[in-house]
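Below is one structure, written out as structure tokens; comments come after it.
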Amino acid sequence: MMLATLALAIAAADPLGAQTVVRQVTPLLATPGGRELATIHDGTPVRAATVRQGFTQVTLDGYIAASLVGGPRDSFPNAVRAQGGARLREAGNTAATILADLRDGMGLTTISRRGDWIRIAHRGWLATSAHGRAPASSHRRTRRAQTPPPQPPQPPQSPAQTRPETLPAP
């Protein structure tokens, strides 16, 4: 019986629920063709879900400086509170790769907090043509290939100890 339940769960799983990579700089939208919430950078991993009207619903997650996160907005428990927006990073330090530029007021779901950094997630929509398997010479892979060997883990850096996490003024 348990084996049959497991087989049914696997068969019903969404085939698009896999991780995919953004292949070009693209906006993350609130709804298909709707308001822009963020700009996702080339090479950023996302989890794909539903496809509708040429758009794919994706989940974007990463780290944001805790000082740039404020109280609730709409149905979200937190929101970006930085006049010029904020950077979403691959890890909780300012040297980590920038995944996206988030707009001020964008709703966020907190996954965890570690020191001065919060790991967040947000589900939104992007053009289906903007994501897929990363080519062997992708931007992110090239960057990593040129970096020195990994160093021992460092404690999370405070954004105040390094450079600003807000976006530069236009």
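The values are calculated or read from the model by the stated rules, or taken from the named source; none is laboratory data. Note that this is a predicted model, so its numbers are computed, not measured. When we count neighbours, we look across all protein chains shown, and the Cβ atoms used for this are built from the backbone with ideal geometry, even at glycine. Accessible surface areas use protein heavy atoms only, side chains included; no ligands, DNA or RNA. Shrake-Rupley method; radii C 1.70, N 1.55, O 1.52, S 1.80 Å.
Considering only residues of segment 30-42 that are charged (D, E, K, R) and in contact (Cβ under 8 Å) with a residue 24 or more places away in the chain, which is nearest to F76 (Cα to Cα)?
Here the residue is E36.
Would you please name the residue that is farthest from A30 (Cα to Cα), looking only at residues in segment 71-113 that are among the polar types (S, T, N, Q), in a loop (DSSP other than H, G, I, E, B) and open to solvent by 20 Å² or more (accessible area, probe 1.4 Å)?
Filtering segment 71-113 for residues that are among the polar types (S, T, N, Q), in a loop (DSSP other than H, G, I, E, B) and open to solvent by 20 Å² or more (accessible area, probe 1.4 Å), the one farthest from A30 (Cα to Cα) comes out as N93.
Between P45, P27, P77, which is free of Cβ contacts under 8 Å to residues at least 60 places away in the same chain and under 16 Å from the mean Cα position of the chain (by Cα)?
Only one candidate qualifies: P45.
Which one of G115, G124, G70 is touching a Lys or Arg at 6+ places or on another chain (Cβ under 6 Å) and either at pLDDT 90 or above or not polar (S, T, N, Q) (or both)?
The match here is G70.
I need the full set of residues from segment 97-114 which are of a type in the set (S, T, N, Q) and over 17 Å from P45 (Cβ atoms), in order please.
Of everything in segment 97-114, those that are of a type in the set (S, T, N, Q) and over 17 Å from P45 (Cβ atoms) turn out to be T109, T110, S112.
For segment 9-31, indicate whether the set of residues that are assigned to a loop (DSSP other than H, G, I, E, B), surrounded by fewer than 18 Cβ atoms within 10 Å (Cβ to Cβ), in contact with a Phe, Trp or Tyr (Cβ under 7 Å, 6 or more places away or on another chain) and modelled with pLDDT of 80 or more is non-empty.
yes
Go through segment 40-70 and report how many residues are surrounded by fewer than 17 Cβ atoms within 10 Å (Cβ to Cβ), farther than 20 Å from S112 by Cβ and not acidic (D, E).
Of the residues in segment 40-70, 6 are surrounded by fewer than 17 Cβ atoms within 10 Å (Cβ to Cβ), farther than 20 Å from S112 by Cβ and not acidic (D, E).
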